[in-house]
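What follows is a short report on a single structure.
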Amino acid sequence: MFDFLKPTLNPAAALLKEDHDRVKELFDQFESAKSPAKKLKIVRQALEELKVHAAIEEEIFYPAVRKPVGKEIMNEADEEHHVAKLLIAELDTMDGSESHFDAKFLVLSENVRHHIDEEESEMLPKANKVKVDFEALAEKMRQRKERLLEEGVAPVGEDRMVEASRGRGDSPAQAAKRKPPRLPRKE
Ligand SMILES: [Fe+2]
């Protein structure tokens, strides 16, 4: 309702919003899914969508709008991407049978929903004022997306972090729980 009151999005922001809507739809589907097989299928699809989306934002959109949008908003977005990518890297190693699988995906979806809200309410409106050819930027994003969908997204730093951790099965968090750090001895 009252959609006509919303400011019109530039073509690059509209492209990001389409991705946001698709991924939120997958989060809703996961919440109502019953069978583990269906859940796993939704998770796999959401992970691919999120990886491609994050790569396009980080490679093309964020650098183009970083200065005018401001360090505070952009740094927060960077950190939200980092946390999301850690959870994505962990979920990538899972097959759905793990005890924390559902919880991990739900935490990822909460994190991403929050990130999307902030992008749409703060970053994208501010980015609208950037003096840039948004049509050309959107075209660049579309082409990159097509390529990433064809070739897949290369492993990121967070994948290496998860790989290097002691995490087996569920997550590094589980592994950390199994081996608590040594506490200093009482004198
Ligand atoms: Fe983002």
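A few notes on this one:
- Other residues with beta-carbon under 11 Å from the beta-carbon of Gly70 carry, at +1 per Lys or Arg and -1 per Asp or Glu, a net charge of +1.
- With a simple spin-label model that places each label point 7 Å from the Cα along the Cα-to-Cβ direction, the separation between Glu48 and Ser35 comes to 1.9 nm.
- Farthest positive-ward along segment 9-176 dipole, Cα basis, beta-carbon charges - from Ala84, Ser32, Gly157: Gly157
- Angle in degrees between helix 11-32 and the longest Cα principal axis of the chain, rounded to the nearest 10: 40
- For segment 111-119, Karplus couplings with θ = phi - 60° (6.51, -1.76, 1.60), whole Hz, Gly/Pro x: 4, 5, 4, 4, 4, 4, 4, 5, 4
- Accessible surface of segment 9-176, 1.4 Å probe, proportion on carbon and sulfur as whole %: 53
- Cα-Cα separations in segment 1-100 greater than 17 Å, expressed as whole percent: 62
- In the chain, the longest principal axis of the Cα atoms and the axis of helix 134-151 are about 40 degrees apart.
- Once the C-beta distance of Asn111 and Arg185 is scaled by a Förster radius of 35 Å, the resulting FRET efficiency is 0.35 to the nearest 0.05.
- Mean separation of Cα contacts under 8 Å (6+ apart) over length of segment 27-168, as relative contact order %: 37
- Over the residues of the chain, the helix contribution to mean residue ellipticity at 222 nm works out to -22000 deg cm²/dmol, using -39500 (n - 2.57) for each DSSP H run of at least 4.
- P(r) tail for segment 9-176: Cα pairs beyond 29 Å make up 21% of the total.
- Positive-end residue of Thr93, Phe134, Leu124, charge dipole of the chain with Cβ unit charges: Thr93
The values are calculated or read from the model by the stated rules, or taken from the named source; none is laboratory data. Everything quoted here is computed from the prediction, not taken from an experiment. Counting neighbours? That spans all protein chains shown, and the Cβs are built from the backbone with ideal geometry, glycine included. Each accessible area value is taken on the protein alone, full model and side chains, heavy atoms only, with ligands, DNA and RNA left out. Shrake-Rupley method; radii C 1.70, N 1.55, O 1.52, S 1.80 Å.
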